[in-house]
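> Before we start, here is the structure in question, set down as structure tokens.
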Amino acid sequence: MEKTNMGTTYAEITLKNAVDVGMVQNGFITEEKVRETTVRALVDTGAITLVINEAMRQQLGLQVHSERETTFGNDIKAICKLTGPVEVHWKDRSALCRALVTSEHGKVLLGAIPLEDMDLMVNPVDQELVGIHGDKPMSLVM
């Protein structure tokens, strides 16, 4: 985990093509064939989901399932691609989500849905990711 003195938190995460992971589980490909990458992501609790750029979408081989109007933090609106499933891994935790795709070189943002799924939050004092319920992730059903 990397932090800055301006209230910005970054985390090293690994992204995997979840379709590839399923192909491994079903014996169709070997684990070495799973398309994945490890990146430095901006932890953005204001973003709804995972946000990646087009180059990363292509690198991971993620299919585009639809497009969605998106409003960015600076109130600019754009139509963004919405991908198929991505596995997000942080330390010993993982989440499955879709990703919004921004421009060719946009930042990777780790948003609220994968954070919630991994039972993580930003500790505002230390500016780092921590488990909401301690060392083991917990799921809540209400």
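> Tell me, yes or no, whether the stretch 88-110 has at least one residue that is at pLDDT below 95, loosely packed, with under 12 Cβ neighbours inside 10 Å and more than 20 Å from Glu54 (Cα to Cα).
The answer is yes; a qualifying residue exists.
> Still on this structure, I have one more. So, of the residues in the stretch 129-142 that are at pLDDT 90 or above and either out of contact with any Asp or Glu (no Cβ under 9 Å at 6 or more places or on another chain) or among the hydroxyl-bearing types (Ser, Thr, Tyr) (or both), which turns out to be farthest from Ile52 (Cα to Cα)?
Val130
> Here's something else I'd like to know. Within the stretch 23-52, track down each residue that is part of a strand (DSSP E or B), closer than 19 Å to Thr9 by Cα and either touching a Leu at 6+ places or on another chain (Cβ under 6 Å) or touching a residue at least 40 places away in the same chain (Cβ under 8 Å) (or both).
Val39, Arg40, Ala41, Leu42, Val43, Leu50, Val51, Ile52
> Does Ala11 satisfy the condition of being outside any helix (DSSP H, G or I), closer than 16 Å to Gly111 by Cα, touching a helix residue (DSSP H, G or I) at 6+ places or on another chain (Cβ under 7 Å) and of a type in the set (Gly, Ala, Ser)?
So Ala11 does not fit the description; no.
> Regarding the stretch 80-102, can at least one residue be identified that is over 14 Å from Ala18 (Cβ atoms), without any contact (Cβ under 8 Å) to a residue 60 or more places away in the chain and small (Gly, Ala, Ser)?
no
> Scan the stretch 106-142 for residues that are over 14 Å from Ser94 (Cα atoms), β-branched (Val, Ile, Thr) and in contact (Cβ under 8 Å) with a residue 12 or more places away in the chain and jot them down.
Those that are over 14 Å from Ser94 (Cα atoms), β-branched (Val, Ile, Thr) and in contact (Cβ under 8 Å) with a residue 12 or more places away in the chain: Val108, Val122, Ile132.
> Still on this structure: With in contact with a helix residue (DSSP H, G or I) (Cβ under 7 Å, 6 or more places away or on another chain) and modelled with pLDDT under 95 as the only criterion, which of Ile76, Ile48 stands out?
Step by step, each of Ile76, Ile48 is checked, and only Ile48 is in contact with a helix residue (DSSP H, G or I) (Cβ under 7 Å, 6 or more places away or on another chain) and modelled with pLDDT under 95.
> Suppose we keep only residues that are part of a loop (DSSP other than H, G, I, E, B) and among the aliphatic types (A, V, I, L, M) within the stretch 60-93. Which one would you say is nearest to the chain's Cα centre (by Cα)?
Leu62
> Which one is surrounded by the fewest Cβ atoms within 10 Å (Cβ to Cβ), of the residues in the stretch 25-69 that are touching a Cys at 6+ places or on another chain (Cβ under 9 Å) and closer than 14 Å to Gly111 by Cα?
The qualifying residue surrounded by the fewest Cβ atoms within 10 Å (Cβ to Cβ) is Thr49.
The values are calculated or read from the model by the stated rules, or taken from the named source; none is laboratory data. Keep in mind that this is a model prediction, so the values were computed, not measured. Cβ: placed from backbone, ideal geometry, glycine included. Neighbour counts: every protein chain shown.
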